[in-house]
Amino acid sequence: MTKKLWFQAGVGILLALLIIHFFINIKGIFSPIGIILKTIFLPLLVGGVLYYLTEPVQRFLEKHKFPRWASILSALLLIVGVFWGLYAMVGPMINKQVNAFVENLPEIQEDVKEAVDYVLDRRDEWPDFIENGIETAKEKANEITMSLGGGLVSFLTGLFQTVFMLVLVPFFLVYMLKDHEKFIPFVSKFFRGDTKAFVVRTLKDVNRTLSTYIQGQMLVSLCVGIMLLIGYLVIGLEYALILAIFGLFMNLVPFIGPWVSVVPALLIALIQDPKLLIGVGIVMLAAQQIESNLITPNVMGKSLDIHPLTVITVILAAGNIAGFVGILLAVPVYAVGKVIIGNLYERRKEIRQAATSDVAAK
């Protein structure tokens, strides 16, 4: 029985739960490690994303006889140039639209107040679950208001973390670009024979999966942002650039993000001219259809091969566990886990086939 897959899987799950249980009970011992990991997690994450975005540039330059230091410097200059170019081109437009939004804010608030008063006048007609939801929202708003008392402390803490991240991100990025080929040999040197080959193959598959997801998702989101900007400008929607940039970043969250990004656009359209609601809906639907049926299949292909229902389930679960960061990381973490489990399954099949061949040979 101990050789059965279901028994081994059950034992593994029980051991994992036991380890988690003991870790939670003695978490005080590991709190310094947790603080260190939280401190370096975000800079390491941002540095990793920038690495996967610039690594193709580095590879191209070194293929054309650039030395390593020159390719790294070129990648860093490219990042600075892209951010500076975006700021130079988009910054004045964003500033103009933000100023216009601030000027029109009293009018927008008045329109929203009228809509809220209209709804509140019909409060007796509401179902019970809506009333309960509003009461819960009020409680949350009061909690947020109370928490704003420490605004100065929060601001100083955030400023320190931002400066710290700006220092660490280039540090991580430079060393990733400098020594990325050494990672797999370093890990695999602790193994021998077929196990070493399995580890090397798995790490290469994980690297390829992350590279495909990050580069593909960034390109797809950029295309969606451009399509939204063009569509909003065509229908004459105000604050088109801000809404398109918001849609670009929200598209980094698969399936759920694009539909969240349309909410501010619908609100602006409702205040500007209710007829624009139809235009915003058409723009959003057209952008999503082009993205899902044309752009994503050609950019990312079927490399991840994750069912949409699985993606939604994973995102919702990760959001409840780790908030917005969990939502962002849910799909790549799941994809990496799927690659590792798939390789473990293939490795198990290879061991079984080898054992069967040995028995047949005897």
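The residue that is farthest from Ile268 (Cα to Cα), counting only those in region 186-208 that are basic (Lys, Arg) and surrounded by 14 or more Cβ atoms within 10 Å (Cβ to Cβ), is Lys196.
The requirement of being loosely packed, with under 13 Cβ neighbours inside 10 Å, modelled with pLDDT of 80 or more and not aliphatic (A, V, I, L, M) is satisfied by Phe183. In this structure, Leu50 does not satisfy being over 27 Å from the mean Cα position of the chain (by Cα), under 22 Å from Leu219 (Cα atoms) and in a helix (DSSP H, G or I). Within region 209-232, if we keep just the residues that are in contact with a Phe, Trp or Tyr (Cβ under 7 Å, 6 or more places away or on another chain) and surrounded by fewer than 18 Cβ atoms within 10 Å (Cβ to Cβ), the residue that is farthest from Val262 (Cα to Cα) turns out to be Ser211. Residue pairs whose Cβ atoms lie under 8 Å apart, separated by 6 or more positions or on different chains, with the first residue in region 329-350 and in contact (Cβ under 8 Å) with a residue 40 or more places away in the chain and the second not in a helix (DSSP H, G or I), are Val331/Pro254; Val331/Leu304; Val331/Ile306; Ala335/Leu304; Ala335/Ile306. When the residues of region 262-273 are filtered to those that are surrounded by 17 or more Cβ atoms within 10 Å (Cβ to Cβ) and within 20 Å of Met93 (Cα to Cα), the one that is farthest from the chain's Cα centre (by Cα) is Gln272. Of all residues in region 235-263, those that are assigned to a helix (DSSP H, G or I), more than 28 Å from Ala318 (Cβ to Cβ) and aromatic (Phe, Trp, Tyr) total 0.
Sub-7 Å Cβ pairs linking a first residue in region 70-96 that is at pLDDT below 80 to a second residue that is surrounded by 11 or more Cβ atoms within 10 Å (Cβ to Cβ) and of a type outside the set (Val, Ile, Thr), at least 6 apart or interchain, are Val90/Leu241; Met93/Leu241; Ile94/Leu241, ordered by first then second residue. Could you identify the single residue in Leu276, Leu248 that is at pLDDT 85 or above, within 20 Å of the chain's Cα centre (by Cα), under 23 Å from Val102 (Cβ atoms) and surrounded by 15 or more Cβ atoms within 10 Å (Cβ to Cβ)? Result: Leu248 is the single residue among Leu276, Leu248 that is at pLDDT 85 or above, within 20 Å of the chain's Cα centre (by Cα), under 23 Å from Val102 (Cβ atoms) and surrounded by 15 or more Cβ atoms within 10 Å (Cβ to Cβ). Among the residues of region 193-214, are any β-branched (Val, Ile, Thr), closer than 28 Å to Leu45 by Cβ, at pLDDT below 85 and assigned to a helix (DSSP H, G or I)? No, there is no match, as no residue in region 193-214 is β-branched (Val, Ile, Thr), closer than 28 Å to Leu45 by Cβ, at pLDDT below 85 and assigned to a helix (DSSP H, G or I). Among the residues of region 60-69 satisfying the criterion of being free of Cβ contacts under 8 Å to residues at least 12 places away in the same chain and either part of a helix (DSSP H, G or I) or of a type in the set (Val, Ile, Thr) (or both), which is nearest to Leu166 (Cα to Cα)? Here the residue is Trp69.
The selection criterion, being farther than 16 Å from Val339 by Cβ and touching a Gly at 6+ places or on another chain (Cβ under 9 Å), holds for Leu248.
The values are calculated or read from the model by the stated rules, or taken from the named source; none is laboratory data. Because the structure is a prediction, the values reported are computed rather than measured. In this analysis, Cβ positions are derived from the backbone assuming ideal geometry, glycine residues included, and neighbour counts consider all displayed protein chains.
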